[in-house]
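The values are calculated or read from the model by the stated rules, or taken from the named source; none is laboratory data. Small disclaimer: the values here were computed from a predicted structure and weren't measured. Here the Cβ positions follow ideal geometry from the backbone for every residue, glycine too, while neighbour counts run over all protein chains shown. To get the accessible areas, we keep the full protein, side chains included, count just its heavy atoms, and leave off ligands, DNA and RNA. Shrake-Rupley method; radii C 1.70, N 1.55, O 1.52, S 1.80 Å.
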Number of protein chains: 2
Amino acid sequence: MSEIIELARRARVASYVLAEASRAAKDAALHAMAAALRANTDAIVAANAKDVAAAREAGTPESTVDRLALDPARVDAMAAGLEQLAGLNDPVGEVVRGYTLPNGLELRQVRVPFGVVGIIYEARPNVTADAAGICLKSGNAVLLRGSSSAAASNSAIIAVLRDAAETSGLPADVVQGVPTDRAAVKELMQARGLVDVLIPRGGAGLIQTVVSESTVPVIETGVGNCHVYIDADADLELGLEILLNSKIQRPSVCNAAESLLVHAAVADEFLARALPALAQAGVTVHGDPKVVAAGNDSAVVAADEDDFGTEYNSLDLSAAVVDSLEAAVQHIRRYSSGHTDAIVTRSQSAARRFTQAVDSAAVVVNASTRFTDGGEYGFGAEIGISTQKLHARGPMGLPEMTSTKYIVTGEGQLRT
Amino acid sequence: MSEIIELARRARVASYVLAEASRAAKDAALHAMAAALRANTDAIVAANAKDVAAAREAGTPESTVDRLALDPARVDAMAAGLEQLAGLNDPVGEVVRGYTLPNGLELRQVRVPFGVVGIIYEARPNVTADAAGICLKSGNAVLLRGSSSAAASNSAIIAVLRDAAETSGLPADVVQGVPTDRAAVKELMQARGLVDVLIPRGGAGLIQTVVSESTVPVIETGVGNCHVYIDADADLELGLEILLNSKIQRPSVCNAAESLLVHAAVADEFLARALPALAQAGVTVHGDPKVVAAGNDSAVVAADEDDFGTEYNSLDLSAAVVDSLEAAVQHIRRYSSGHTDAIVTRSQSAARRFTQAVDSAAVVVNASTRFTDGGEYGFGAEIGISTQKLHARGPMGLPEMTSTKYIVTGEGQLRT
């Protein structure tokens, strides 16, 4: 039997215990894990130092090294995240639907854990603790497959979490690490029946690989080519604030705006204000011919076709002038990744039309795209932002980490 | 561009119109489709006669031919099914969650159609009208890929439905047929991004093929290795009635029982009554050594390991004696397909333990397994019974044929 199959089988056995664990038992484990992370800060930081040194030696960009690096404050933040999870409601056992059938059968649809969840993720080692905590709280055993660049950090964190789980009375195997070699991840993606769900968290390349190679059901997360559309009826001052916040407040994340659409009726006036402001903020605008023409000497370069489909994750922004709300909708249908798209308008009918016609995980009226986030939505925890339509769409909190089952209770009902 | 890609693109365009269609417009289309089916009964029955003749010529078993055959009454039943759909609530637009965030953003999670749904199904041509109707009511454009053995029937039905949709003002392309050749279905399974969900309906072989070869998200349906467990505290008379109803009321369907487990404490008494009753009903029992020993001269054959994992869909039943409720749970965890598993018991604690520990789409206490069905559950329509944990589990009605999106409305909120 391969190592992955063996890990998955152990996860399955642990998942049966975890699925029946009370909220109190799960919360106690989360608190024990948080305390153990804090108590083992030195060991975790020391393990991380090896990963950081190796990354620097390999010539990794300093921004990536920063995402990889742990210090005592970051370890403490991981612990605090686990404690916060302990304070959230337990999704398991929630009755989603319930009624009595005409024949007297009592039907209840109840939330249950998936069972075994696999998370495939990239550099940041804090994801290890976050994902383990969310899976534990939602009753799922987890297989954590981090990147090889964080292998020492992740191993140290997982060892601490496993010990703490066991000390608190749960099986250590509710949290397991998966080897980082390519063969292991391939097997993980083929472990249908042993692994219930795979969630890739990372760049577009990782997600595409998992989506196309996995026979285990996948929840696709995170690619965000998000639009801000300035309608003919927009308050332009508000529009500029929303555009700038959406683009520059944190350009590297998936809910940052990547594309600006402006209605032709207000394009001259809006662009005259927006382009200098964007340039001043260091944003390179990749414009269609009308935007380029409006740009004069500010930082506008000619967009090519690829720009409109690109998630830059940087201080770049594609921009186009559209002749109508319908043209904006068409553009978004063609290019959006279905993450978050926003309209700025004072018109009730434009807002209604946009929110109806744009089919994205989040459709926003008169606010920044940056709010598409489990924390902002009040979920208290987030495992990622689903950009697929099956099972979960948008930020995924604890309920999205569960399935349901029907419990049907009778007194001898037979089918006739 | 391949034919499938072209079909999927046309479905996508039609899906935009359908997603925004009012309930009234969709219900009018359903009534128009029902009327058109009735008006074209002769043409549909004539097309079906070709399929039936070809099937008989190919030596198809008469039971399969019967599932394929249409007569005016069956066409009328298809029409009635569409009319019934028109009477159901529209799932699109339902607010699943909604609240105002601390910063004043109004958040609503709203049901929306998937967009384009592909259904891959086997012989019975009534599925064509059922699936088209359910997809239309839930706002989804549908690509229908029936079996080649029903090609003439399906083409005739689809032509009638398309005409009726168009007459009622919706695009004809809300319903399209897919060629039945193998290359076409392969392309359909790879059309990720163009097709939002694939639902296979049919035998285990078909479902396995779709699950393993599709990059489009799949909802797995229907394989049912369902158990009836007779607990130590069971009312044995009730247990026998439930067992017989679960096994023989309609043995060919997925919610029929395939396996009997009996607690050792009542095994002798229960089997002494059950085995003759099963034999009299024509059921062949495939028993473990204890059941064989209890069988005397009745129709019990020795089970091999494969029997306990088999969905017979026939008058066969595997049977084993277990030493405890926990042993029954272990057996079910090992062999169940996760469709429907039932316990017969008078004990509250046994019922509680069984419903908690058995992780199947439906867990039943003191009733027949045969109730796991969208119609019985009061859904009014059913596209299949999901045996996977992602998105939908158990009978899938109209809400299960939708995704959601978040609509977030503000007045200039920015992220800080």
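Against chain B, whose longest principal axis is taken from its Cα atoms, helix B:126-137 shows a tilt of about 60°. Past 20 Å, Cα to Cα: identify those pairs from A:Lys186/B:Lys186; A:Lys405/B:Lys405; A:Lys137/A:Lys405, in the order given. Distance filter (> 20 Å) returns A:Lys186/B:Lys186; A:Lys405/B:Lys405.
Averaged over the residues of peptide A:205-218, the number of Cβ atoms from other protein chains lying within 10 Å of each residue's Cβ is 2. Rolling a 1.4 Å probe across the protein heavy atoms gives the protein assembly as shown an accessible surface of 36 Å² per residue. Hey, for A:Val301 with labels 7 Å out along Cα-Cβ, what do the inter-copy distances come to in nm, ordered shortest first? Reported distances to equivalent positions: 7.3 nm. Contact order, relative form, for the stretch A:226-371: 33 percent (alpha carbon pairs under 8 Å, 6 or more residues apart, mean separation divided by residue count). Here the protein assembly as shown has 50 percent of its accessible surface on carbon and sulfur atoms, given a 1.4 Å probe and all protein chains in place. If the segment from A:Ser252 to A:Ala53 were pulled out straight at 0.36 nm per residue, it would be longer than the present Cα-Cα gap by 69.2 nm. Between A:Glu6 and A:Ala277, the modelled label-to-label distance comes to 6.0 nm, taking each label 7 Å out from Cα in the direction of the beta carbon.
Sorted shortest first, the distances from the A:Ala272 label point to those of the same residue in the other copies are 10.0 nm; each point sits 7 Å from Cα along Cα-to-Cβ.
Just how large is the dipole of chain A about the Cα centre, in debye to the nearest 20, putting +1 at every Lys and Arg Cβ and -1 at every Asp and Glu Cβ?
On the way: 35 positive and 50 negative charges, 279 e Å.
Once rounded to the nearest 20, the dipole reads 1340 debye.
With the charge dipole of the stretch B:187-236 set up from +1 on Lys and Arg Cβ and -1 on Asp and Glu Cβ about the Cα centre, the Cα lying farthest toward the positive end among the listed residues B:Cys226, B:Leu194, B:Leu206 is that of B:Leu194. By the helix-only formula, in which each DSSP H run with n ≥ 4 contributes -39500 (n - 2.57) and the sum is divided by residues, chain B has a 222 nm mean residue ellipticity of -13500 deg cm²/dmol.
Return a whole-number percent for the relative contact order of chain A, with Cα pairs under 8 Å and 6 or more residues apart as the contact set. Can you show the working numbers first?
Details: 873 pairs, mean separation 72.7, N = 416.
Relative contact order here is 17 percent.
Computed from protein heavy atoms with a 1.4 Å probe, the total accessible area buried between B and A is close to 6100 Å². The calculated P(r) of chain B, using every Cα pair and 10 Å bins from 0, goes 5, 20, 26, 22, 17, 8, 2, 0, 0 in percent.
For A:Gln356, the point set 7 Å out from Cα toward Cβ sits 4.9 nm from its twins in the other copies, listed from shortest up. Taking label positions 7 Å along the Cα-Cβ direction at both A:Ala302 and B:Ala299, the computed distance is 8.1 nm, reported to one decimal.
Given N residues in the protein assembly as shown, what is Rg(Cα) / (2.2 N^0.38 Å)?
Details: Rg = 28.5 Å, N = 832, 2.2 N^0.38 = 28.3 Å.
Cα Rg divided by the expected 2.2 N^0.38 Å: 1.00.
Relative to the longest principal axis of the Cα atoms of chain A, the long axis of helix A:41-57 lies at roughly 50 degrees. Note on exposure: B:Asp323, B:Asp76 ranked by accessible area (1.4 Å probe, complete protein assembly) read B:Asp323, B:Asp76, with the most exposed listed first. GNM on chain B, alpha-carbon springs under 10 angstrom: the most fluctuating residue among B:Ser147, B:Ser212, B:Ser259 is B:Ser212.
Mind checking A:354-361 for the average number of partner chain beta-carbons within 10 Å of each residue's beta-carbon? Numbers along the way, then the final one.
Values: counts 1, 6, 6, 3, 2, 10, 3, 4.
Taking the mean over all residues of the peptide, I get 4.
When a/c reaches 1.5 or more, the comparison of a/b and b/c decides; with that in mind, is the stretch A:226-371 rounded, prolate or oblate per its Cα gyration tensor? Rounded. Principal-axis analysis of the Cα atoms of chain B puts helix B:23-39 at an angle of about 80° to the longest axis.
Using Cβ point charges alone (K and R +1, D and E -1), the dipole size of the stretch A:285-416 about the Cα centre works out to roughly 740 debye. Extending 7 Å from Cα along the Cβ direction at B:Arg38 and again at B:Ser347 yields two label points whose distance is 5.6 nm.
Counting, for every residue in A:389-402, the Cβ atoms of other protein chains within 10 Å of its Cβ and taking the mean gives 4. Indicate the gyration tensor shape class of the stretch A:98-245 (rounded, prolate or oblate), computed on the Cα atoms with a ≥ b ≥ c the square roots of the eigenvalues: a/c under 1.5 is rounded; otherwise a/b larger than b/c is prolate and the rest oblate. Oblate.
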